[in-house]
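The values are calculated or read from the model by the stated rules, or taken from the named source; none is laboratory data. On a predicted model such as this, the values are computed, not experimentally measured, just so you know. Methodologically, a virtual Cβ is constructed for each residue, glycine included, from the backbone with ideal geometry; neighbour enumeration extends over all protein chains shown.
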Amino acid sequence: MKSRSTNPPHTLMGLLGALVFLSVPLFANDNDSILKNHNTIDTISSTVPANGDVNPYGLVRVAKSIGNLREGHYLVSNFNASSNLQGTGTTIMDVSPSGSLSVFAQLNPNSVPGPCPGGVGLTTALAVLQTGWVIVGSLPTADGMSATAQAGCLIVLDNLGNAVETIQGSLINGPWDMTWLDDEQQAALFVTNVLNGTVAANGSVVNQGTVVRVNLRVSETKMPFLESITVIGAGFSERTDPAALVIGPTGLALSPACRDREDDCEFHSRGDEPVLYVADSLNNRVVVITEPLTRARPSRTAVVLSSGGRLNDPLGLTVAPNGHILVVNGNDGFITEITAHGAQIASKLIDSNGNPPGAGALFGVIFDPENGVVFVDDATNTLNVLH
């Protein structure tokens, strides 16, 4: 997919109107915990398709029925094939709230509709737009080892699950996670990249991880058109890992906008623009990128929202209806609740599977107002809910 521009389009500010889906009590009392009222964990469904793909990573909730997309259903991307080799998974699963499981898409690594260096290995980077387009990240390997990892791409699918185009280039290098903001005419994708210098470093930490904004023009009838790709965050720590393949900036979520609450905007831009929260895994912290919709230059990782405490390799990240940030750990199976001012006010063990317990089991997490905290479990290949 070719870019027509290297600068963010002026119409991007129109996306601020799409913030209505974030219309929540913006800054709840720091003691108004979401997690304290969620105490039961149930399994919704397996995430394993007939071809045996495992290691569920990405998770999104479908907001609108269109084509084969069903409102209220969940899409889950699998990172591993049945061989359990990382970076070889090819399926996106559809899971209903009642637990019925079907394949939304199964991609052919040999016939991706556009450049995608290395092929297909679906990551946590997963989005479903209002216009029915599904976008998923690929960080592929030949044999499940980091030495063979290649840059990959973002793969665009239509609402029937057909891959139709790719987004790739020097700024897309190991897309690892994603969040987005969109309306019926435009979309802004925010994508972490974890392969900048990591394979060459052979396990040593390099501070070259990035967050990029991908601006798209969209509609229900025409394929998304790439307007620009802009690096808005840089300098994140990353390294290859024999167990996790690669560790680097992962979870992403947009805050509610400040609007007129300037007195409560300690970590926020003034006005209507939200901030972007990033799980900085190797540094065990959650950081903030301000002005993500309009920023033209990278923000360094100096603005720290919260670090240490109950965080233990923060991976998946989402924003709850009260404006608090929910973060799942990669090392111990805990979820931690952080206020918009950075206070860690609650933490719960939600995954004791695996060896050691909870390690490497949690990635995708979302808050579904109708059901609770929905999360994937890599250790059991299931989709679960804390309610």
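Please find, among 164, 136, the residue that is more than 22 Å from residue 363 (Cα to Cα), outside any loop (DSSP other than H, G, I, E, B) and aliphatic (A, V, I, L, M).
164
Output the number of residues of the stretch 111-129 satisfying the condition of being surrounded by 18 or more Cβ atoms within 10 Å (Cβ to Cβ), of a type outside the set (A, V, I, L, M) and in contact (Cβ under 8 Å) with a residue 60 or more places away in the chain.
Counting residues in the stretch 111-129 that are surrounded by 18 or more Cβ atoms within 10 Å (Cβ to Cβ), of a type outside the set (A, V, I, L, M) and in contact (Cβ under 8 Å) with a residue 60 or more places away in the chain gives 2.
Would it be correct to say that residue 311 is farther than 28 Å from residue 140 by Cβ, out of contact with any Leu (no Cβ under 6 Å at 6 or more places or on another chain), part of a loop (DSSP other than H, G, I, E, B) and at pLDDT 95 or above?
Here the answer is yes, as residue 311 does meet what is asked.
Quick check: anything in the stretch 103-110 without any contact (Cβ under 8 Å) to a residue 12 or more places away in the chain, in a loop (DSSP other than H, G, I, E, B), farther than 21 Å from residue 219 by Cβ and of a type outside the set (Phe, Trp, Tyr)?
yes
Looking only at the stretch 211-251, which residues are assigned to a loop (DSSP other than H, G, I, E, B), charged (D, E, K, R) and in contact (Cβ under 8 Å) with a residue 24 or more places away in the chain?
If the condition is that a residue be assigned to a loop (DSSP other than H, G, I, E, B), charged (D, E, K, R) and in contact (Cβ under 8 Å) with a residue 24 or more places away in the chain, then 220 is the only one that fits.
Quick check: anything in the stretch 340-355 over 19 Å from residue 47 (Cα atoms) and crowded, with 23+ Cβ neighbours inside 10 Å?
Checking the stretch 340-355: at least one residue is over 19 Å from residue 47 (Cα atoms) and crowded, with 23+ Cβ neighbours inside 10 Å.
Within the stretch 202-219, how many residues are in contact with a Ser or Thr (Cβ under 8 Å, 6 or more places away or on another chain), at pLDDT 95 or above and of a type outside the set (Val, Ile, Thr)?
Going through the stretch 202-219 one residue at a time, the tally reaches 6.
Go over the candidates 275, 327, 286 one by one and state the one that is under 19 Å from the mean Cα position of the chain (by Cα), among the hydrophobic types (A, V, I, L, M, F, W, C), crowded, with 19+ Cβ neighbours inside 10 Å and at pLDDT below 95.
Result: 275 is the single residue among 275, 327, 286 that is under 19 Å from the mean Cα position of the chain (by Cα), among the hydrophobic types (A, V, I, L, M, F, W, C), crowded, with 19+ Cβ neighbours inside 10 Å and at pLDDT below 95.
Would you check if residue 358 is modelled with pLDDT under 95 and either buried (at least 23 other Cβ atoms within 10 Å of the Cβ) or among the acidic types (Asp, Glu) (or both)?
Against the criterion (modelled with pLDDT under 95 and either buried (at least 23 other Cβ atoms within 10 Å of the Cβ) or among the acidic types (Asp, Glu) (or both)), residue 358 qualifies.
Quick one: which residue in 120, 62, 128, 134 is touching a His at 6+ places or on another chain (Cβ under 6 Å), of a type in the set (A, V, I, L, M) and within 23 Å of residue 189 (Cβ to Cβ)?
62
Any residue in the stretch 159-175 that is touching a helix residue (DSSP H, G or I) at 6+ places or on another chain (Cβ under 8 Å) and modelled with pLDDT of 95 or more?
yes
Out of (1) assigned to a strand (DSSP E or B); (2) touching a Phe, Trp or Tyr at 6+ places or on another chain (Cβ under 7 Å); (3) more than 24 Å from residue 289 (Cβ to Cβ), what's the single condition that is false for residue 190?
So residue 190 meets the others, but not (3).
Going by what's in this entry, would residue 74 be described as surrounded by 24 or more Cβ atoms within 10 Å (Cβ to Cβ), hydroxyl-bearing (Ser, Thr, Tyr), closer than 22 Å to residue 220 by Cβ and within 18 Å of the chain's Cα centre (by Cα)?
When the stated conditions are applied, residue 74 passes them.
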